[in-house]
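Derivation of every value follows stated rules applied to the coordinates shown; laboratory data play no part. Because the structure is predicted, anything quoted here is derived from the model rather than measured. Here Cβ is always computed from backbone atoms with ideal geometry, including for glycine, and neighbour counts include all displayed protein chains.
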Amino acid sequence: MVGFTCVSYSKSTPGLAKPGFAKPGVKIGLIVGGEWNKIPIMSGHSKWKNIQRTKNATDAKRGKVFTKLANNITIATKKGGGDPDGNPSLRMAIDIAKKANMPKDNIDRAIKRGLGIGVGRHVEEVRYEGYAFGGIAVMVDVLTDNKNRATADIRLVFSRNGGSLGEPGSASYVFGSDPSNPSYKIPIENKEKFFSFVAELEELDDVSDVYHNGIIQ
């Protein structure tokens, strides 16, 4: 005989089993062959909080990705027009957005913003230059609708990681016309610390690219 019941069970009184609704932390169980088999349960409230916390974290991460993708679409539109067939950069930006499951409405709004249609945030390209600890040159490309906020965010990341944000031209000479090919490279002394710094920059909503002349030896 197999039966299922929801009871209030106590270790101190193992012979006592009161029918009713299980409370958080209380046991439920199966009666198999007359023997009580305890099954631990999780509070419904705790389970819901865990699910909600995971969902909120996922939504926040997706929102950051969509913001970066929308900015790329807007800038591509401003530079080459709103027709993907005649604007390869826009076509590429749209394709990347679609692969990330960005909604079509978001893509359309980003294109309209680039064309100056409707009321929306004005996105501009800004380049920041500075030096990380150890004298490594760093260049950060940004797409932002709030230059003051972007400047403050980037300056904070530099300062709390032992670096300093410089003036325009202070580091760009290291990279020339091809930021991915610096004219010289500097050994990275603390790999974990340095790449944590780079990751922190890349996590900022407005940052699109980070370049540096550090090298692992």
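Quick look at the numbers
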{"item": "Qualifying GluC sites (Glu not before Pro) in the range 130-217, DSSP loop, other Cβ atoms within 10 Å at most 16", "result": "Glu189"}
{"item": "Out-of-range pairs (alpha-carbon distance over 23 Å; input Lys78/Lys104; Lys78/Lys147; Lys104/Lys147)", "result": "Lys104/Lys147"}
{"item": "Cα-based shape type of the range 134-217, given that a ≥ b ≥ c are square roots of the gyration tensor eigenvalues and the cut on a/c is 1.5", "result": "oblate"}
{"item": "Ranked packing of 87-99, 68-80, most packed first, by mean Cβ within 10 Å", "result": "68-80, 87-99"}
{"item": "Mean separation of Cα contacts under 8 Å, 6 or more apart, over the residue count of the range 124-215: relative contact order %", "result": "37 percent"}
